[in-house]
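Reading through the C-alpha cells given below for one structure.
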Amino acid sequence: MNGEIYALPSQSVREVMRYRDYTPVPGAPPMLPGILNQRGTIVPIVNLYPLLGLESPPVTRATRLVIMAHNDVDLALLLEAVLDLTTIVITTIEPIPVALDPVRARFLRGVVQHDEQVIALIDLDELIATLRNLE
C-alpha cells in the first residue's frame, strides 16, 4: 500500500478477487465506502488507506478485494494489489518501530523482515474494533 508492504493473517482470508463495482453507502466515512453482495451475503467494503493515514490510490487492473472473515465478522478490504502468500514465523515478529506514526501503528501487530523487505502485520482485532466504533 503506497509502496509499503502489509500482511494479513491468512487464516482469515476467504477469497482474493479482482476489483468490481460495489454499492456506495451515502454519508458513510471514507473508510467504509460501500457494500458488496458476495454470494448472498452483504459485506462491507473497508478502505484501509484513510485509517492508516495514507492517500487512496486510483483503481487499476491490480486492485483487489480481499474477502475476510475474522471472529464472525465478514468484510472486504480494498487494496491496490496482493503480492504473495508468505509464511511468517511468529518468533520473527518484531515490535512496531517507535518512530512510526501512531495513527498507523495503532492498526499493526508488529513487523517482520522477509526477503530484505519490512512487512507490517495488520491487527484485524483493532481494525474491527475501530470500525464498530464508527457505527
* Looking only at the range 64-80, decide whether some residue is among the aliphatic types (A, V, I, L, M) and at pLDDT below 85. => no
* Asked: In the range 45-64, how many are assigned to a strand (DSSP E or B) and under 15 Å from TYR6 (Cβ atoms)?
  -> 3
* Exactly one of (1) crowded, with 16+ Cβ neighbours inside 10 Å; (2) closer than 24 Å to VAL118 by Cα; (3) touching a Ser or Thr at 6+ places or on another chain (Cβ under 8 Å); (4) touching a residue at least 60 places away in the same chain (Cβ under 8 Å) is unmet by TYR49. Its number? -> (4)
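Let's see how each residue does on (1) closer than 17 Å to ALA129 by Cα; (2) of a type outside the set (A, V, I, L, M, F, W, C); (3) out of contact with any Gly (no Cβ under 7 Å at 6 or more places or on another chain):
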residue: LEU51; (1), (2), (3): yes, no, yes
residue: THR60; (1), (2), (3): no, yes, yes
residue: ILE67; (1), (2), (3): no, no, yes
residue: HIS70; (1), (2), (3): yes, yes, yes
residue: LEU75; (1), (2), (3): yes, no, yes
residue: LEU78; (1), (2), (3): no, no, yes
* Given the structure, is GLU126 of a type in the set (D, E, K, R) and more than 14 Å from the chain's Cα centre (by Cα)? -> no
* **Selection from the range 76-113 of residues that are more than 15 Å from the chain's Cα centre (by Cα) and either within 23 Å of THR63 (Cβ to Cβ) or of a type in the set (D, E, K, R) (or both)** => THR86, GLU94, ASP101
* Asked: Which ranges mark the strands (runs of 3 or more DSSP E) fully within the range 1-44 that have 1 or more residues being surrounded by fewer than 12 Cβ atoms within 10 Å (Cβ to Cβ)?
  -> 13-18, 34-38
* Search the range 111-125 for residues that are free of Cβ contacts under 8 Å to residues at least 12 places away in the same chain and under 11 Å from ILE96 (Cα atoms) and pair each with any residue that is surrounded by 12 or more Cβ atoms within 10 Å (Cβ to Cβ) and of a type outside the set (Asp, Glu) when their beta-carbon atoms are under 6 Å apart and the residues are at least 6 apart or on different chains. => none
* Asked: Got a sec? Which of PRO9, PRO26 is under 15 Å from the mean Cα position of the chain (by Cα) and of a type outside the set (Phe, Trp, Tyr)?
  -> PRO9
* Pairs with Cβ under 8 Å, 6+ apart, first in the range 78-107 and touching a residue at least 24 places away in the same chain (Cβ under 8 Å), second part of a loop (DSSP other than H, G, I, E, B) and among the β-branched types (Val, Ile, Thr) -> LEU78/THR63; LEU79/THR63; GLU80/THR60; GLU80/THR63
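The values are calculated or read from the model by the stated rules, or taken from the named source; none is laboratory data. Quick caveat: nothing in here was measured; it's all calculated off a predicted structure. Heads up, the Cβs are rebuilt from the backbone with ideal geometry, glycines too, and the neighbour counts pull from every protein chain shown.
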